[in-house]
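Here's the structure we're looking at; comments come further down.
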């Protein structure tokens, strides 16, 4: 049995090698992204082309068993979808939120509102059902890898990715490789302190970048300025609603959007001063705002850094959007299968 397993592994690695040489272009992997409201899954070839993609809505009352059941179902369906094209994915890479033991594929937590979602041996559980090698990593790490391989940061060796969303996540590429830090906990950009007298975040950290500059912060500031309460008595605003109001000349909306851009820029300035990267890629929902917002972020970032640090840095919008975690997951899975740690 061990001899057979070793033989099968060698065959898979050989097929992967052929794909890199352009001799077996159907080589593909599955990328999956466990989000807050949905689970997305795709089959991606070695060139980064999405062959098939599906999305599954997630309810509000989530448990470990529900997530695993939906994930198993999605893998079966996406494999069946591409089988008619003669494509049989060789592995699966999963993007999950929180801290991950990437070597074993275990989700450590926090639970993110999913019951029993701590210390989950996710790779083992899904591999048992799918019969495929499965690899798991933090979603921001995999988005970073995708932007570096296929997106805005392609060709750069020193990159910081910042995901501006409900919270703020990120990832760091140094000398072409993902920087993981101790316990795979590097890249927690949102927990930088930008105002030590500021409010407490959900994590109990005072004055964090995430507390002041995330999508949640933008919404909170709009309600504070208007004097309204987001208490469920009226339809809650989304960030895009506030941006739309600012485009239409709403003074309060314009004020909090400009304030948010200034604060995001201050966070980026800290990253520029520490890492002096070639590029900062700005992703997440807030990055989809208009160019005026991104330009204000750039102005703030460059105004708060030393000339030698900021001289050649580029600040660009992410190119891959929600597909980043899918592309990153698939690419990560293929590299792990080939014995590479990226």
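The values are calculated or read from the model by the stated rules, or taken from the named source; none is laboratory data. Keep in mind it's a predicted model, so treat the numbers as computed, not measured. Cβ coordinates were reconstructed from backbone atoms using ideal geometry, including for glycine residues, and neighbour counts include every protein chain displayed.
Could you tell me which of the residues 83, 123, 130 is over 30 Å from residue 276 (Cβ atoms) and without any contact (Cβ under 8 Å) to a residue 12 or more places away in the chain?
83
Taking the condition touching a strand residue (DSSP E or B) at 6+ places or on another chain (Cβ under 6 Å) and either assigned to a helix (DSSP H, G or I) or crowded, with 19+ Cβ neighbours inside 10 Å (or both), does residue 135 pass?
yes
Here's a check for you: in the stretch 286-296, which residue that is assigned to a helix (DSSP H, G or I) and out of contact with any helix residue (DSSP H, G or I) (no Cβ under 6 Å at 6 or more places or on another chain) is nearest to residue 139 (Cα to Cα)?
Among those residues, the one meeting the criterion is 287.
Please work out which one of (1) outside any helix (DSSP H, G or I); (2) without any contact (Cβ under 8 Å) to a residue 60 or more places away in the chain; (3) crowded, with 17+ Cβ neighbours inside 10 Å; (4) out of contact with any helix residue (DSSP H, G or I) (no Cβ under 8 Å at 6 or more places or on another chain) is the condition residue 316 fails and give its number.
(2)
Being touching a helix residue (DSSP H, G or I) at 6+ places or on another chain (Cβ under 9 Å), over 18 Å from residue 297 (Cβ atoms) and surrounded by 14 or more Cβ atoms within 10 Å (Cβ to Cβ) narrows it down to one of 271, 237, so name that one.
237
Which is buried (at least 24 other Cβ atoms within 10 Å of the Cβ) and either out of contact with any helix residue (DSSP H, G or I) (no Cβ under 6 Å at 6 or more places or on another chain) or at pLDDT below 95 (or both), of 119, 141?
Answer to the selection: 141.
Quick check on my filter: what residues within the stretch 80-95 are closer than 11 Å to residue 41 by Cβ and surrounded by fewer than 19 Cβ atoms within 10 Å (Cβ to Cβ)? Please lay out each step first, then the result.
Taking the stretch 80-95 and keeping what is closer than 11 Å to residue 41 by Cβ, we get 81, 89, 92-95.
Result: 81, single match.
Out of all the residues in the stretch 189-201, is one or more under 27 Å from residue 147 (Cα atoms) and more than 20 Å from the chain's Cα centre (by Cα)?
First, the residues of the stretch 189-201 that are under 27 Å from residue 147 (Cα atoms): 189-194.
Pick out the ones that are also more than 20 Å from the chain's Cα centre (by Cα) and you get 193-194.
Yes - at least one qualifying residue is present in the stretch 189-201.
If you go through the stretch 165-179 one residue at a time, do you hit one that is assigned to a loop (DSSP other than H, G, I, E, B), touching a strand residue (DSSP E or B) at 6+ places or on another chain (Cβ under 7 Å) and farther than 17 Å from residue 280 by Cα?
Within the stretch 165-179, none of the residues are assigned to a loop (DSSP other than H, G, I, E, B), touching a strand residue (DSSP E or B) at 6+ places or on another chain (Cβ under 7 Å) and farther than 17 Å from residue 280 by Cα.
From 155, 113, 190, 199, grab the single residue that is more than 20 Å from residue 341 (Cβ to Cβ) and in contact (Cβ under 8 Å) with a residue 40 or more places away in the chain.
Within the list 155, 113, 190, 199, the selection yields 113.
Taking only the stretch 76-124 into account, find how many residues are closer than 18 Å to residue 329 by Cβ and over 20 Å from the mean Cα position of the chain (by Cα).
Residues in the stretch 76-124 being closer than 18 Å to residue 329 by Cβ and over 20 Å from the mean Cα position of the chain (by Cα): 12 in total.
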